[in-house]
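Asks: Input: one structure, supplied below.
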Amino acid sequence: MNTSSKTLLTILVAALAGKSLAGNKVAPAFTAKASDGKTYTLESLTAGKPTLLMFFSAGCEHNPGGIKDLNRLKALFGGKVRVAGMTNLDPRQTKELATKYHAKFPILSDQMAATIGAFGGKAGLDNALILPNGEIAHVWMGYDRTTIKQVEILLDRSHGPHLNLDLSTFPKT
């Protein structure tokens, strides 16, 4: 087997395993209807910008605070990082959730939670940082000042936008 065949085989094996050659897991492909009436795919959601995706569980008591904090993060990111949510509610319920708590970002419906599970999200307010190339930089269980600071650090390391966030008003743990 020549070198170009070995390289092609390595790329094929990496793609089949859901891994990028950089070592990060590739985000699962999806198509989902969102609270803003649009339909998103992984590619359209992450096009040109890193994306912070937070998972909301149906009926979770922390949804209102999580949506409020994500609204504030969206403002702090200043358009440099896309913000979105994903929930295990149907599209109608997803729109009601977004409207009730004044989400300023799209919340995607994943009624069977298949995409949420494929990301490694298990509970409400878990979140993932997805790079513009579709790689998952990291998935966190829950969020607080430390995890948001880690988002900032990972973006710096991936040559993404430099952020200098004031996290003093976000949960400590």
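The values are calculated or read from the model by the stated rules, or taken from the named source; none is laboratory data. Remember, predicted model here, so these are calculated numbers, not experimental data. We place every Cβ from the backbone using ideal geometry, glycine too, and count neighbours over all the protein chains shown.
Asks: Looking only at the range 83-100, filter to residues that are in contact with a Gly (Cβ under 9 Å, 6 or more places away or on another chain) and within 20 Å of Leu154 (Cβ to Cβ); which one of those is surrounded by the fewest Cβ atoms within 10 Å (Cβ to Cβ)?
Replies: Gly85
Asks: Take the range 152-164 and flag every residue that is buried (at least 16 other Cβ atoms within 10 Å of the Cβ) and either part of a loop (DSSP other than H, G, I, E, B) or in contact (Cβ under 8 Å) with a residue 40 or more places away in the chain (or both).
Replies: Answer for the range 152-164, where residues must be buried (at least 16 other Cβ atoms within 10 Å of the Cβ) and either part of a loop (DSSP other than H, G, I, E, B) or in contact (Cβ under 8 Å) with a residue 40 or more places away in the chain (or both): Leu155, Ser158, Gly160, Leu163.
Asks: Another question, if that's okay. Within the range 84-99, is even one residue assigned to a helix (DSSP H, G or I), over 22 Å from Leu42 (Cα atoms) and without any contact (Cβ under 8 Å) to a residue 12 or more places away in the chain?
Replies: yes
Asks: Given the criteria outside any strand (DSSP E or B) and either modelled with pLDDT under 90 or loosely packed, with under 15 Cβ neighbours inside 10 Å (or both), does Leu125 qualify?
Replies: Taking the combined requirement at face value, the residue satisfies it.
Asks: Right, here's the next one. Cβ-Cβ below 7 Å, separation at least six or inter-chain, first residue in the range 126-150 and of a type in the set (Ser, Thr, Tyr), second assigned to a strand (DSSP E or B): which pairs?
Replies: Close Cβ pairs (under 7 Å, with a partner that is assigned to a strand (DSSP E or B)) amount to Tyr143/Asn127; Thr147/Trp140.
Asks: Output the residue which, of all residues in the range 149-173 that are β-branched (Val, Ile, Thr) and modelled with pLDDT of 85 or more, is nearest to Pro50 (Cα to Cα).
Replies: Val151
Asks: For the range 67-82, enumerate the residues that are surrounded by 15 or more Cβ atoms within 10 Å (Cβ to Cβ) and either among the β-branched types (Val, Ile, Thr) or farther than 20 Å from Trp140 by Cβ (or both).
Replies: Across the range 67-82, the qualifying residues are Ile67, Val81.
Asks: Inspect all residues belonging to the range 131-138 and state whether any of them is exposed (fewer than 14 other Cβ atoms within 10 Å of the Cβ) and not small (Gly, Ala, Ser).
Replies: So far as the range 131-138 goes, yes, one or more of its residues are exposed (fewer than 14 other Cβ atoms within 10 Å of the Cβ) and not small (Gly, Ala, Ser).
Asks: Now for a different question. Check Lys104, Lys33 and return the single one that is of a type in the set (Lys, Arg), within 24 Å of Arg145 (Cα to Cα) and over 14 Å from the mean Cα position of the chain (by Cα).
Replies: Just one listed residue meets the conditions, Lys104.
Asks: Also, quick follow-up: Scan the range 44-72 and report the pairs whose first residue is under 25 Å from Gly160 (Cβ atoms) and whose second residue is aliphatic (A, V, I, L, M) and loosely packed, with under 14 Cβ neighbours inside 10 Å, with Cβ atoms within less than 9 Å and a gap of 6+ or a chain change.
Replies: Within 9 Å, the pairs are Phe55/Ala123.
Asks: While we're looking at this one, here's another question. Going residue by residue through the range 101-109, is there one that turns out to be touching a residue at least 12 places away in the same chain (Cβ under 8 Å), in contact with a Pro (Cβ under 8 Å, 6 or more places away or on another chain), farther than 21 Å from Thr31 by Cβ and surrounded by fewer than 20 Cβ atoms within 10 Å (Cβ to Cβ)? Lay out the reasoning, then the answer.
Replies: Step one: list which residues in the range 101-109 are touching a residue at least 12 places away in the same chain (Cβ under 8 Å), which gives 101-109.
Remaining after also requiring in contact with a Pro (Cβ under 8 Å, 6 or more places away or on another chain): 101, 109.
With farther than 21 Å from Thr31 by Cβ added as a condition, the list becomes 101.
Retained after the next criterion (residues that are surrounded by fewer than 20 Cβ atoms within 10 Å (Cβ to Cβ)): 101.
Looking through the range 101-109, at least one residue is touching a residue at least 12 places away in the same chain (Cβ under 8 Å), in contact with a Pro (Cβ under 8 Å, 6 or more places away or on another chain), farther than 21 Å from Thr31 by Cβ and surrounded by fewer than 20 Cβ atoms within 10 Å (Cβ to Cβ).
Asks: Oh, and also: Test Thr147 against the criterion of being under 21 Å from Asp36 (Cβ atoms), assigned to a helix (DSSP H, G or I) and within 15 Å of the chain's Cα centre (by Cα), and give yes or no.
Replies: Answer is no for this residue.
Asks: Now, a different point. Please count how many residues of the range 71-83 are modelled with pLDDT of 95 or more and out of contact with any helix residue (DSSP H, G or I) (no Cβ under 6 Å at 6 or more places or on another chain).
Replies: Selection size over the range 71-83: 2.
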